[in-house]
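Heads up, the thing below is written out as structure tokens.
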Amino acid sequence: MTSIIASAQANHFLNIPTNQGTQSARPQNLFAVITALMLFLIGVAHLAPAQTETVLHSFNGNDGSYPFSRLIIDSKGNLYGATGGNPVTSTFASIFKLGTTEKLGVLYSQPGTGVCDLCIDNLLRDSQGNLYGSDAAGGEFGNGAIFKLTPSGVFNVLYSFTGGSDGKSPNDGLIADQEGNLYGTAAFGGAFDQGAVFKVTPSGNEQVVYSFTGGSDGGEPWGRLVRDTQGNFYGTTYADGSFHFSFGVAFKLTADGVESVLHSFTGGSDGGHPNGDLILDSQGNLYGTTPAVSRGTHGTVFKITQQGVLTVLHTFSGPDGFDPRSGLLMDASGNLFGTTFSGGASGDGVVYKVTPGGAETVLHSFSGGDGSFPVGGLAFDQRGNLYGTTAYGGISNNGVVFRIAF
């Protein structure tokens, strides 16, 4: 249909005559027509949507429900993620794989309670195909666990949190070093019960790298850590900081456990309560999001330099998205990609792009059948297509896996 409309518009725009004219005029007129047609088609291509959303899978409850985690993608294009499950409706929590040419496969599941219940965020995959994750309410003591799932489906708990000084509720994804040690954050627990940064060895030994005090250093860390080439960690806390209303901080943590605050959020134009993953560029700049806060913004995309200078790249207004709760992706040109939980044309959330200069474009607005309320972040394939999940929507309102092709 688009090509037919474009052809009709081109004919009207160019006013191509039905008669051929004289032989001597044909080459010049034909060149003018071809040139004008090319310019018109370039304009049409610029105005036409450059991306298409496709639902790759709609969850039905038996294969999982309410996917909250960021997808990860392997070198063959297979997708891995987790669903939360719902003990009220007895729908399954699951860890799944979705291949490029096959249907969704459940790698591990738990009916309604246990390992995954609304708890698994980002998975981590090693070169042997093992998956690692954190479960905020699982483990021996119900205070959270770090687990490993082998390619053959063997599930092992590497460490169970006691809820004391070792941490409680590890509610975000993990990162790994070259030795296979896993690092993450626990929202609560630690020496002051304000959360901690921890390390778990491949053999399952846990060590607290830093305990938050709940003062100016922040409290209740959320979002996956990111690490630079010198071994420093960066992250955010949901609460506390230097301001009275405790809107959280962005922090730097050395390998030796020395913490410094890069920015304390005020809850005003800079946003507050950051709870998504940070990303780090080659110059050491950090990028992240803040969700909608009661007395502040509808959410922001921000940049923080190593000197602690924060720049708000974009402030959401509703139609362009509302309440971003996930982290960001960056392409080779420095463009940022993310999701908002709600807002957009139908209020079901959006996928967006923000340029280095702060110009925002809505790539897709969800409307229910194609997904609703994306919480997890996005993943790139080798062609630059985006993949993600929505917590709700789809055929049975249990969430979807989607692709946005460019």
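Read the figures in this text as sums done on the coordinates, not as results from a lab. Quick caveat, the model's predicted, so the values are computed rather than measured.
From the phi angles alone, apply the Karplus equation (6.51, -1.76, 1.60; θ = phi - 60°) to segment 368-377 and give each ³J(HN,Hα) in whole Hz, x where the residue is Gly or Pro.
So the Karplus estimates, Gly and Pro as x, are x, x, 8, x, 8, 6, x, 10, x, x Hz.
What pairs from Lys148/Lys252; Lys103/Lys148; Lys103/Lys353; Lys303/Lys353 go past 19 Å between their alpha carbons?
Details: Lys148/Lys252 28 Å; Lys103/Lys148 23 Å; Lys103/Lys353 29 Å; Lys303/Lys353 15 Å.
Those over the limit are Lys148/Lys252; Lys103/Lys148; Lys103/Lys353.
Please list, in chain and number order, the residues 5+ apart from Phe322 or on another chain whose amide H is under 5 Å from its amide H, with Hs placed from the backbone.
Counting only residues 5 or more places away or on other chains, the set is Phe341, Ser342, Gly343, Gly344, Val350.
With an 8 Å cut-off on Cα pairs and a minimum separation of 6 or more residues, tell me the relative contact order of segment 52-405 in percent.
Working: 1192 pairs, mean separation 46.0, N = 354.
With pairs under 8 Å counted, the relative contact order is 13 percent.
Using each residue's phi in segment 222-233, evaluate 6.51 cos²θ - 1.76 cosθ + 1.60 at θ = phi - 60° and report the 3J(HN,Hα) Karplus result to the nearest Hz, with x for Gly and Pro.
10, x, 5, 6, 10, 10, 8, 6, 8, x, 7, 9
Enumerate the calculated ³J(HN,Hα) couplings along segment 264-277 in order (Karplus 6.51 cos²θ - 1.76 cosθ + 1.60, θ = phi - 60°), each rounded to whole Hz, writing x wherever the residue is Gly or Pro.
9, 6, 9, x, x, 5, 7, x, x, 6, x, 9, x, 5
May I ask for the distance between the Cα centers of segment 352-397 and segment 285-347, given as a whole number of Å?
13
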